[in-house]
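The values are calculated or read from the model by the stated rules, or taken from the named source; none is laboratory data. Please read all numbers here as calculations on a predicted model, not as lab measurements. Because the Cβ atoms are built from the backbone with ideal geometry, glycine has one as well, and the counts that use them run over all protein chains shown. Ligands, DNA and RNA are excluded from the accessible area calculation, which covers all protein heavy atoms including side chains. Shrake-Rupley method; radii C 1.70, N 1.55, O 1.52, S 1.80 Å.
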Amino acid sequence: MRPLPFTTIVDTTLKELRRIPSGGHDRTPRHWLADGGPEHINVNRATLRHILLTGLQDFCRFGARMLRYETDAEGVTAVFADGSTARGDILVGADGIRSAVRRQRLPEARIMDTGVRAIYGRIPIEKARHHLPEHVLADVFTVASDDRRVFLGLGPVIFPTRPDAASDRIAPEAGLFGQDDYVVCIVGGRREYFPGDEAMLRQAGSPALQALATKMLEEWPAAAGAIPAQGDPSSFFSIEMHTSVPCDLGETFRVTFLGDAIHAMTPTLGRGANVAMRDAALLGHAIIAVERGEVGLALALAAYEREMAGYGFGVVRESAFIGQGLMGQDPLAA
């Protein structure tokens, strides 16, 4: 199943208020697939990660914490906490919002707490079909919020073919695991609306987080307020929403970034992973051009960073703007 490309806004009774096309700023609902427009697919990240790692097992090393890097005219060396090192022509900081690479190259680059917290869980598809309106399973994302801007977000992940079956038929070397269809359930809002303190939220186990998510919606009409209770009790986890603050990347030589390591954003637009993959494709083309002798390394990385920072920080700003209205997140720092 390929969800229709709409974000649907509903009230706390789950009554539809409006549908916003995900493919652009045109607010007139239309059937993108029938019109030949872009397709939108919700993706299970564990499955995507497994696919991207296929064939790279011999080149990946897990559990190594980078302390610093050292550059010279011939290359760059990463130094790890266990005393080991790795050397190459370039170093790509793809190490997330707490990036050690960014911390060394751009110590002035800031990450800010948006003031928003959220609890994520999964609702098994059969329960979702029984308890949720039909449009929740048809659209990319559905969201409701109350006067506090405490929100409930729902997004279906329904596999056209089970990943293990697709892997067996198309790419046996991938060895994908079986995954059941589900609906992502997110309950969030300003931290002051979460009972208890921050430490309690960080330490709470899945069943406690599920109970907390249900409590957050206890004053909502029953049809919506009871939704978190339908989730898999082992699937809930909490996050603290942070965002990058756009900055000047300056000049680079052999060290660059992609994804959350440089332009982490709040999930209001649902574009974080997409932008990271765009980074990877753009950087890959730049590296190939260097390998072919079409451009020098310094020029290639500079061109990559100009383009990447342009669209990446653009999405950071747009996500922050939408997040202020949708969930009351703090505005980006000046």
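Structure above, values below:
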| item | result |
| --- | --- |
| Identity of the residue in region 152-175, touching a residue at least 12 places away in the same chain (Cβ under 8 Å) and either crowded, with 21+ Cβ neighbours inside 10 Å or basic (Lys, Arg) (or both), that ends up nearest to residue 215 (Cα to Cα) | 152 |
| Tally, over region 236-292, of residues that are of a type outside the set (Gly, Ala, Ser) and within 15 Å of residue 308 (Cβ to Cβ) | 24 |
| Positions within region 106-134 being open to solvent by 40 Å² or more (accessible area, probe 1.4 Å), out of contact with any helix residue (DSSP H, G or I) (no Cβ under 6 Å at 6 or more places or on another chain) and in a helix (DSSP H, G or I), in sequence order | 126, 129, 130, 134 |
| Residues satisfying the stated conditions in region 299-331, i.e. under 21 Å from residue 187 (Cβ atoms), aliphatic (A, V, I, L, M) and open to solvent by 20 Å² or more (accessible area, probe 1.4 Å) | 322, 326 |
| Residue in region 48-96 that is surrounded by the most Cβ atoms within 10 Å (Cβ to Cβ), counting only those that are of a type in the set (A, V, I, L, M, F, W, C), outside any loop (DSSP other than H, G, I, E, B) and at pLDDT below 95 | 51 |
| Flag for residue 178 being open to solvent by less than 50 Å² (accessible area, probe 1.4 Å) and part of a loop (DSSP other than H, G, I, E, B) | yes |
| Out of 201, 249, sole residue that is modelled with pLDDT under 95 and hydrophobic (A, V, I, L, M, F, W, C) | 201 |
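Yes or no, residue by residue, for (1) under 11 Å from the mean Cα position of the chain (by Cα); (2) in a helix (DSSP H, G or I):
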residue	(1), (2)
262	no, yes
265	yes, no
275	yes, yes
281	no, yes
285	no, yes
289	no, yes
299	no, yes
308	no, yes
313	no, yes
